[in-house]
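For reference, the structure discussed in these notes is given below.
The numbers here are math on the coordinates, done by the rules we state, and not lab data. The structure presented is a predicted model; accordingly, all values stated were derived computationally and were not measured. Positions of Cβ are backbone-derived with ideal geometry, glycine not excepted, and every protein chain shown enters the neighbour counts.
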Amino acid sequence: MAKIGYDDTPLLPGGLWHVHDYRRPLPRVVTPGAEAGGAPSDAVVLLDCKNLSGWAGRDGDAKWKLG
């Protein structure tokens, strides 16, 4: 069976993998948002205009007012 990719290319700088190396790990699959402009499946909601639970101030919890 033929191999996928190349193994005779140079190493990526500072890495263990060759350019186009078929053994190189692939990134996780991310599901796009249901609507155009929607958040992808791995998104972290930082501001939903309901609370500031994703934020911290210099001295603890964020004290900003939501409008």
Discussion item. Quick query: amide H of residue 18 versus all other amide H atoms, modeled in the peptide plane; which residues come in under 5 Å with a sequence gap of 5 or more or a different chain?
Written reply: 12
Item to complete: Rank 56, 43, 34 by mean-square fluctuation in a GNM of the chain with C-alpha springs under 10 angstrom and give only the top-ranked residue.
Response: 56
Worksheet item: Which ordering of 19, 30, 44 is given by a fewest-first count of other beta-carbon atoms within 10 Å?
Response: 44, 30, 19
Response to the item:
Counting only residues 5 or more apart in sequence or on a different chain, those whose built amide H sits under 5 Å from that of residue 52 are none
Worksheet item: Projected onto the charge dipole of the range 1-66 (+1 at Lys/Arg Cβ, -1 at Asp/Glu Cβ, origin at the Cα centre), which of 49, 9, 20 gives the Cα projection farthest towards the positive end?
Response: 49
Item to complete: Calculate one ³J(HN,Hα) per residue across the range 43-53 by plugging θ = phi - 60° into the Karplus curve 6.51 cos²θ - 1.76 cosθ + 1.60, and present them in order as whole Hz with x for glycine and proline.
Response: 5, 10, 6, 9, 9, 10, 6, 10, 7, 10, 5
Worksheet entry | Those trypsin sites (Lys or Arg not before Pro) in the range 22-67 that DSSP places in a loop and that have at most 10 other beta carbons within 10 Å | 28, 50, 58, 63, 65
Discussion item. Residue by residue through the range 8-24, what is 3J(HN,Hα) from phi via Karplus (6.51 cos²θ - 1.76 cosθ + 1.60, θ = phi - 60°)? Round to whole Hz and write x for glycine and proline.
Written reply: 10, 9, x, 5, 5, x, x, x, 9, 10, 7, 4, 6, 5, 6, 8, 5
Worksheet item: With a ≥ b ≥ c the root eigenvalues of the C-alpha gyration tensor of the range 1-66, is it rounded (a/c under 1.5), prolate (a/b larger than b/c) or oblate?
Response: oblate
